[in-house]
Amino acid sequence: MSEAPLLTATGLHLSFGENHVLRGIDLTVHRGEVVALIGPSGSGKTTLLRSLNGLATPDAGRIVVDGGPGEQVDLTFDGGPRRAWGRAGRRARAQRESLRDRSAMVFQHHHLFPHLTVLQNVVEGPVQTRGVPRTEAEDRALALLDRVGLADKRDAYPRELSGGQQQRVGIVRALALQPDLLLFDEPTSSLDPELVGEVLTVMKELAEEGWTMVMVTHELEFARAVADEVLFLDDGVVVERGAPAQMFSAPRRGRTREFLHRILHPLD
Amino acid sequence: MDVQLFTDSFWPLVLGGLTGTIPLALSSFAIGLVLALGVAMLRLSAHPVLAWVGRAYVSAIRGTPLLVQLFVIFYGLPSLGLTIDPWPSAVVAFSLNVGGYAAEVIRAAILSVPTGQWEAGYVVGMSRHRTLRRIILPQAARVSVPPLSNTFISLVKDTSLASLILVTELFREAQEIAAFTNDFLLIYTEAAIVYWIFCTVLSFGQSRLERKLEQYV
Ligand SMILES: Nc1ncnc2c1ncn2[C@@H]1O[C@H](COP(=O)(O)OP(=O)(O)OP(=O)(O)O)[C@@H](O)[C@H]1O
Ligand SMILES: [Mg+2]
């Protein structure tokens with residue numbers, strides 16, 4: 001891995017008032033790598049993911065995304081006022097926007113646009129914000145929908161789809177932006193058990209195709225199969241990181257062991 | 001009851017409604033809605049001064065009688081050298097009034113759209129403004145149709161106040177007929193009936209519109 005990492009986050013701190021949620025997180029993601037974030041509820045997984053995508057602004061730290069020549073984003077957070085207006089607000093917004101153009105997030109609850117059809121949901125971003133001509137965007141969207149088996153749903157509204165189908169459209173909407181980095185926040189945790197597989201299958205294919213992914217997940221089996229690295233977060237710090245096989249079979253830290261035990265043997 | 005007088009005055013009253021009340025209500029509502037959207041945006045602004053301006057406006061409109069607002073504009077402003085004819089005065093007063101009430105409806109509707117929708121807009125690369133226009137407002141519009149229809153129907157009735165600044169509309173017509181014939185009970189009751197007919201037709205249109213929108217939500 002002599003190539004520069006796609007994403008480097010160092011020393012990320014973020015507080016909500018008194019609640020110090022991220023306490024110095026370091027994270028490196030290389031191109032083509034799949035990183036899984038695991039950890040107990042409230043440990044800061046979602047907040048970390050949102051920081052990487054510009055939906056949340058850290059108080060301190062640095063995020064560098066190297067999207068190739070001319071596509072560099074290098075942000076240093078200095079805890080300036082978190083106002084949404086005036087010069088500070090504009091600066092923060094410009095920072096967020098530059099990050100967001102490099103990555104795309106798939107939410108826990110799909111957040112599809114309910115007033116738009118499946119196809120319109122997918123082309124909205126490329127057409128409105130990336131200047132892609134509508135017919136071209138639609139062709140690409142249909143090809144992507146076809147890949148996840150949803151081409152025949154192009155004119156359906158999100159509410160007419162099952163949870164698994166909605167989440168697959170959510171993934172296609174993210175893919176259509178052609179991001180350098182895909183972020184997944186527990187994309188299967190709000191699904192009925194029998195629908196989880198169809199979403200994980202799509203994610204696994206994306207990983208095999210070489211997409212760079214950071215995913216929050218509680219599907220340890222799945223993480224073991226596709227992730228190159230697993231980070232265990234607790235209380236806003238990375239307690240342990242390593243290859244999934246090693247971490248799941250022989251965790252080094254007590255807190256990791258306890259957490260894994262709770263997930264694998266919830267009744268003990 | 002003087003049936004002849006009733007039938008003779010029915011069409012003049014309806015005509016007063018069609019040429020006075022309804023155009024007055026429609027134009028004030030249209031202008032008022034644009035204003036309301038602006039005020040709602042002020043109310044939602046992260047900038048404390050802008051938010052305060054929005055709040056102050058809504059408070060001033062909702063905290064004072066419409067009749068007083070109307071009189072300030074028509075009878076008050078001339079002493080500042082600003083004389084406005086009855087019709088435009090009424091349109092200004094009613095628009096400002098709708099601006100205050102509808103702003104709260106629109107603001108609540110915008111707030112009712114889940115924050116995940118804003119975030120999804122940002123994720124696909126949209127600015128705040130574009131997310132508002134393409135993602136949030138279409139969803140908010142559906143939520144606000146029922147309360148805004150109510151605002152409109154109230155406005156239709158409130159336009160009767162314009163008779164007090166000499167605007168020719170349904171109620172002004174009724175006052176003139178009543179003064180001429182001296183049958184106040186009959187004519188004013190008839191005016192009430194004509195208002196009721198207008199409002200009933202409008203609420204019928206409202207429920208049809210709502211049913212139609214429901215299919216899309
Ligand atoms: N917008 C917010 N405002 C205030 N506090 C927040 C906000 N978002 C998250 N928090 C707090 O930050 C902490 C971390 O939340 P976060 O959602 O990142 O945890 P998580 O690891 O994703 O948990 P889960 O597994 O339940 O999704 C929690 O204590 C939460 O209450
Ligand atoms: Mg979470």
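The values are calculated or read from the model by the stated rules, or taken from the named source; none is laboratory data. Please read all numbers here as calculations on a predicted model, not as lab measurements. Note that each Cβ is placed from the backbone with ideal geometry, even for glycine, and that neighbours are counted across all protein chains shown. Remember, those area values only see protein heavy atoms, side chains included, never the ligands or the DNA or RNA. Shrake-Rupley method; radii C 1.70, N 1.55, O 1.52, S 1.80 Å.
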Practice item. Count, please, the residues in segment B:106-124 that happen to be within 10 Å of chain A (Cβ to nearest Cβ) and open to solvent by less than 20 Å² (accessible area, probe 1.4 Å). Key: 7
Point to revise | Positions within segment A:207-218 being more than 14 Å from ligand 2 (Cβ to nearest atom) and not hydrophobic (A, V, I, L, M, F, W, C), in sequence order | key: A:208, A:209, A:210, A:212
Exercise for review: Those residues that are facing chain B (nearest Cβ under 9 Å), surrounded by 15 or more Cβ atoms within 10 Å (Cβ to Cβ) and farther than 30 Å from residue A:142 by Cα, I need them from segment A:84-125; list them, please.
Suggested key: A:85, A:89, A:93
Revision key, fill the gap. Within segment A:34-53, residues in contact with a Leu (Cβ under 8 Å, 6 or more places away or on another chain), more than 9 Å from ligand 1 (Cβ to nearest atom) and more than 14 Å from chain B (Cβ to nearest Cβ) come out as A:35, A:36, A:38
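Go over the candidates A:232, A:259, A:184 one by one and state the one that is in contact with a Pro (Cβ under 9 Å, 6 or more places away or on another chain), outside any helix (DSSP H, G or I) and within 16 Å of ligand 1 (Cβ to nearest atom).
Numbers: A:259 fails: outside any helix (DSSP H, G or I); A:184 fails: in contact with a Pro (Cβ under 9 Å, 6 or more places away or on another chain).
None of the others qualify; the one that does is A:232.
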Review point. Which of (1) more than 16 Å from ligand 1 (Cβ to nearest atom); (2) within 16 Å of the chain's Cα centre (by Cα) does residue A:245 not meet, given it meets every other one?
Key: (2)
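What do you reckon, is residue A:151 away from chain B (no Cβ under 14 Å), under 22 Å from residue A:204 (Cβ atoms), loosely packed, with under 15 Cβ neighbours inside 10 Å and among the hydrophobic types (A, V, I, L, M, F, W, C)? Don't jump to the end; show me each part of the working.
Numbers: away from chain B (no Cβ under 14 Å): yes; under 22 Å from residue A:204 (Cβ atoms): yes; loosely packed, with under 15 Cβ neighbours inside 10 Å: no; among the hydrophobic types (A, V, I, L, M, F, W, C): yes.
It is false that residue A:151 is away from chain B (no Cβ under 14 Å), under 22 Å from residue A:204 (Cβ atoms), loosely packed, with under 15 Cβ neighbours inside 10 Å and among the hydrophobic types (A, V, I, L, M, F, W, C).
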Review point. Which of (1) open to solvent by 60 Å² or more (accessible area, probe 1.4 Å); (2) away from every other protein chain (no Cβ under 14 Å); (3) without any contact (Cβ under 8 Å) to a residue 60 or more places away in the chain; (4) within 30 Å of residue B:208 (Cα to Cα) does residue B:80 not meet, given it meets every other one?
Key: (4)
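Table: residues versus (1) at pLDDT 95 or above; (2) of a type outside the set (Asp, Glu); (3) in contact with a Gly (Cβ under 8 Å, 6 or more places away or on another chain).
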residue: A:70; (1), (2), (3): no, yes, no
residue: A:82; (1), (2), (3): no, yes, no
residue: A:87; (1), (2), (3): no, yes, no
residue: A:92; (1), (2), (3): no, yes, yes
residue: A:95; (1), (2), (3): no, yes, yes
residue: A:106; (1), (2), (3): yes, yes, yes
residue: A:120; (1), (2), (3): yes, yes, no
residue: A:142; (1), (2), (3): yes, yes, no
residue: A:159; (1), (2), (3): no, yes, no
Point to revise | Tabulated pairs, segment A:212-230, first open to solvent by 60 Å² or more (accessible area, probe 1.4 Å), second assigned to a helix (DSSP H, G or I), C-beta under 6 angstrom, 6+ apart or interchain | key: A:224/A:244; A:224/A:248
Review point. Which of the residues belonging to segment B:125-135 are open to solvent by less than 30 Å² (accessible area, probe 1.4 Å) and more than 10 Å from every other protein chain (Cβ to nearest Cβ)?
Key: B:132
Exercise for review: Take segment A:28-64 and flag every residue that is open to solvent by less than 10 Å² (accessible area, probe 1.4 Å) and more than 16 Å from ligand 2 (Cβ to nearest atom).
Suggested key: A:29, A:34, A:54, A:58, A:63
Revision key, fill the gap. Only unsatisfied item for residue B:188, checking (1) modelled with pLDDT of 95 or more; (2) within 30 Å of residue B:110 (Cα to Cα); (3) open to solvent by 60 Å² or more (accessible area, probe 1.4 Å), is (2)
Study note, to complete from the structure: The condition from (1) more than 16 Å from ligand 2 (Cβ to nearest atom); (2) buried (at least 20 other Cβ atoms within 10 Å of the Cβ); (3) among the polar types (S, T, N, Q) that residue A:72 misses is numbered (2)
Check your understanding: Name the pairs whose Cβ atoms lie under 8 Å apart, with the first residue in segment A:45-56 and more than 9 Å from residue A:103 (Cβ to Cβ), the second of a type in the set (Ser, Thr, Tyr) and more than 8 Å from ligand 1 (Cβ to nearest atom), and 6 or more positions between them or separate chains?
Key -> A:51/A:57; A:55/B:122
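Collect the residues in segment A:174-205 that are hydrophobic (A, V, I, L, M, F, W, C) and either within 17 Å of residue A:244 (Cβ to Cβ) or within 16 Å of ligand 2 (Cβ to nearest atom) (or both), keeping them in residue-number order.
As a first pass, look at segment A:174-205 and keep what is hydrophobic (A, V, I, L, M, F, W, C): A:174-177, A:181-184, A:191, A:195-196, A:199-200, A:202-203.
Those that are hydrophobic (A, V, I, L, M, F, W, C) and either within 17 Å of residue A:244 (Cβ to Cβ) or within 16 Å of ligand 2 (Cβ to nearest atom) (or both): A:183, A:184, A:191, A:200, A:203.
Search segment A:12-27 for residues being open to solvent by 40 Å² or more (accessible area, probe 1.4 Å) and within 14 Å of ligand 1 (Cβ to nearest atom), and hand back the single one that is nearest to the other protein chains (Cβ to nearest Cβ). Before the answer, list the steps.
Going residue by residue through segment A:12-27, those that are open to solvent by 40 Å² or more (accessible area, probe 1.4 Å) are A:13, A:16-20, A:23, A:26.
Pick out the ones that are also within 14 Å of ligand 1 (Cβ to nearest atom) and you get A:13, A:16-20, A:23.
Details: A:13: 22, A:16: 15, A:17: 17, A:18: 22, A:19: 18, A:20: 23, A:23: 24 Å.
This residue is A:16.
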Practice item. Identify, by number, the condition in (1) more than 11 Å from every other protein chain (Cβ to nearest Cβ); (2) in a helix (DSSP H, G or I) that residue A:128 doesn't meet. Key: (1)
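Condition (residue is under 30 Å from residue A:173 (Cα atoms) and either at pLDDT 95 or above or within 13 Å of another protein chain (Cβ to nearest Cβ) (or both)) applied to segment B:143-166: is it met by at least one residue? If you could, list the steps in order and put the result at the bottom.
Residues of segment B:143-166 under 30 Å from residue A:173 (Cα atoms): B:143-145.
Applying the additional criterion that residues be either at pLDDT 95 or above or within 13 Å of another protein chain (Cβ to nearest Cβ) (or both) yields B:143.
There is at least one residue in segment B:143-166 that is under 30 Å from residue A:173 (Cα atoms) and either at pLDDT 95 or above or within 13 Å of another protein chain (Cβ to nearest Cβ) (or both).
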Check your understanding: Looking at segment B:39-52, which of the residues that are surrounded by 15 or more Cβ atoms within 10 Å (Cβ to Cβ) and not in a loop (DSSP other than H, G, I, E, B) is nearest to the other protein chains (Cβ to nearest Cβ)?
Key -> B:50
Review point. Any residue at all in segment B:140-148 that is open to solvent by 10 Å² or more (accessible area, probe 1.4 Å) and under 30 Å from residue B:172 (Cβ atoms)?
Key: yes
